[in-house]
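The values are calculated or read from the model by the stated rules, or taken from the named source; none is laboratory data. Note that this is a predicted model, so its numbers are computed, not measured. Cβ placement follows ideal geometry from the backbone for every residue including glycine, while neighbour counts extend to all protein chains displayed.
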Amino acid sequence: MRPRGGRVIKEDPHRINDKIRGVAQVRLIGDNVEQGIYSFQQAMHIADEQNLDLVEIAPTATPPVCRVIDYQKFLYAQKKKQKEAKANQKKQEVKEIRFGPQTDDHDYNFKLKHAQEFLKDGNKVKAYVFFRGRSIVFKEQGELLLARFAADLEEYGKADNVPNLEGKRMIMFVSPKSQK
């Protein structure tokens, strides 16, 4: 909803104080409150005595659950929890490693070390063999190369699928082992 000034009015996610309507009784919880079922007027009176807000926490419960708290502090604490949860999430990236059908051992080992580092960091690895021109004749070599790659990475991760050919690429994904 956009009023004339162009400001956006955000609606509160919870009903508070007088916005709680159509309720005869509420289950009251809070820090300095004796928990129990009260009439709505009694609950409002208890919240007013403590200069706090009556916030409807669980509107679908029978009777609805209301908490006596400072609403602004409650919103601040909720935002803080959401921010911490978001910060603690691990973002998994997909790192690509490209091989040719006749990759030398030195190049293979170099790319294998990179894949090990990626998996240690918790990232997924997409390994693929790219066939150029008539090199598609060496499909078996590409399959063997990716199978060897998966076997060498067994300690760090697990192959999600067997190598499969998509156009001119033979692709395989390797997921990291869960760190507990």
Region 149-167 residues that are in the same structural domain as Phe131 (by TED's automatic domain parsing), paired with ones that are assigned to a helix (DSSP H, G or I) and charged (D, E, K, R) (beta carbon under 7 Å, 6 or more apart): Tyr156/Lys120; Pro163/Glu143; Leu165/Lys139
Inter-residue pairs, beta-carbon under 8 Å, first surrounded by fewer than 18 Cβ atoms within 10 Å (Cβ to Cβ) and in region 24-35, second in a loop (DSSP other than H, G, I, E, B) and not small (Gly, Ala, Ser), 6+ apart: Ala24/Pro63; Gln25/Pro63; Ile29/Gln35; Asn32/Gln50
Residues of region 15-68 that turn out to be of a type in the set (A, V, I, L, M) and in contact with a helix residue (DSSP H, G or I) (Cβ under 9 Å, 6 or more places away or on another chain), as a count: 13
Residue within region 135-154 that is surrounded by 11 or more Cβ atoms within 10 Å (Cβ to Cβ), within 26 Å of the chain's Cα centre (by Cα), modelled with pLDDT of 85 or more and not in a helix (DSSP H, G or I) present: no
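Answer with yes or no whether Leu119 is of a type outside the set (Lys, Arg), part of a helix (DSSP H, G or I), in contact with a Gly (Cβ under 7 Å, 6 or more places away or on another chain) and crowded, with 17+ Cβ neighbours inside 10 Å. Explain how you work it out, then say what you get.
Numbers: of a type outside the set (Lys, Arg): yes; part of a helix (DSSP H, G or I): yes; in contact with a Gly (Cβ under 7 Å, 6 or more places away or on another chain): yes; crowded, with 17+ Cβ neighbours inside 10 Å: yes.
When the stated conditions are applied, Leu119 passes them.
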